[in-house]
1. Any residue in segment B:151-160 that is within 9 Å of another protein chain (Cβ to nearest Cβ) and at pLDDT 75 or above?
2. Taking B:Val138 as the residue in question, decide whether it is under 25 Å from A:Ser31 (Cα atoms) and assigned to a strand (DSSP E or B).
3. Of all the residues that make up segment A:32-68, how many are within 22 Å of B:His23 (Cα to Cα) and surrounded by fewer than 20 Cβ atoms within 10 Å (Cβ to Cβ)?
4. Please give the number of the condition B:Thr54 fails out of (1) at pLDDT 85 or above; (2) surrounded by 13 or more Cβ atoms within 10 Å (Cβ to Cβ); (3) closer than 20 Å to A:Tyr12 by Cα.
5. Please pick out the residue among B:Leu213, B:Leu185 that is within 25 Å of B:His23 (Cα to Cα), among the aliphatic types (A, V, I, L, M) and either at pLDDT 90 or above or part of a loop (DSSP other than H, G, I, E, B) (or both).
6. Read through the list (1) more than 7 Å from every other protein chain (Cβ to nearest Cβ); (2) surrounded by 21 or more Cβ atoms within 10 Å (Cβ to Cβ); (3) at pLDDT below 90, then give the number of the only condition that B:Val140 fails.
7. So, B:Lys196, is that one modelled with pLDDT under 95 and more than 21 Å from B:Val111 (Cα to Cα) or not?
Amino acid sequence: MKQVLLVDDEQYIHKVLSTMLTSSIGCQVSSAFDSNAAFEYIQANQVDLIILDINMPNSNSLYLVSRLQQDEKFKGIPIIMMSAMSYDEIQVAFKEKGVKYYFSKTTLLNDVEKDKFLETVKSLLG
Amino acid sequence: MASISELRKLNAELRLVNQTMRHDILNRLFFIGGIVGNYQKFGEKSMKLDEMLTEIRNMVKNSADFIQGMKEVEIDAVTSTPLHAINVRQIVEKMMVDFTDLSITISGSGVVLADQGVVSVVANLFQNIRVHASNSDVSVAISETNKTVKVAIADTGVGIPDTIKAQLFQYGHAFGVTGHTGIGLYVVKSMMDRYKGKVTIKDNHPHGTIFTLYFKKALL
């Protein structure tokens, strides 16, 4: 079964996204609540996709992206970034890190956007 | 007429209010929309109906309280209303209702010079514990001297590495070049600056973290 790692500091976001992903796609979803915990998890477990919140207290999402991109073993893991902020506010960070996939948390309230998100997850999991 | 530096300060305060409110409310709306969407699609496999309704009601109440609190901060910023007496123990007790998953004990009391933004200060510190030390015990110790009220919020979780401590209260680069940290503890520091107080962080022993808030005492 494909493994998704969800990295977000809000427990209730895990609750919503885990249900959505396991019920729609049938993948296994694991949780990390900050970037350090995520990196430790990735080192010890198989991860096929990372869904990463950009805005977490005590944590540095973009540093995690850099660490993964610089590591031959992990740089192939696709990353979807999410934020409650708009794309305009965070596009500088995305462009700098070369992150390809971004979804606003609020656009997932829209069924069309939610379907796009799930399709993206499915295609990245192969 | 306000000076340029006063206008800059006002602008910064209003930006803080705006950013804080957007971030927190959007996350809560996402949660509400998300669990309703999951329920519509997957039924009670996703969540029991009663549980979902309770979660939504709590989240709506919590958001309404938060908006009201931030509105008062905004009014204070715009009108330069002097800080006033706030019973910090009452604020902590009020916030404990929203964090029933944490085992929180409270001792002491104190009346501080602040505004309703204290709600956000306490909520952000509890939220930080919820995320990083959710299984720990939390103690809130309030004490006062002649001029200062100290609020020490201690957890017994895994602690925060020193490398993270140094950047913990930053926000400015969160969406810029270096991508540091989030917004919650930035709000705490900004609010404490506004109150002419401070926030410090140190290790708890044998493990965990202590955030200490230093407020000016309200002279009644």
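1. Yes, there is a match, as at least one residue in segment B:151-160 is within 9 Å of another protein chain (Cβ to nearest Cβ) and at pLDDT 75 or above.
2. In short, yes.
3. 1
4. Of (1) at pLDDT 85 or above; (2) surrounded by 13 or more Cβ atoms within 10 Å (Cβ to Cβ); (3) closer than 20 Å to A:Tyr12 by Cα, only one is false for B:Thr54: (2).
5. One residue alone meets the criteria, B:Leu213.
6. (3)
7. In short, no.
The values are calculated or read from the model by the stated rules, or taken from the named source; none is laboratory data. These figures come from a predicted structure and were not determined experimentally. Positions of Cβ are generated from backbone atoms using ideal geometry, with glycine treated the same way; all protein chains shown enter the neighbour counts.
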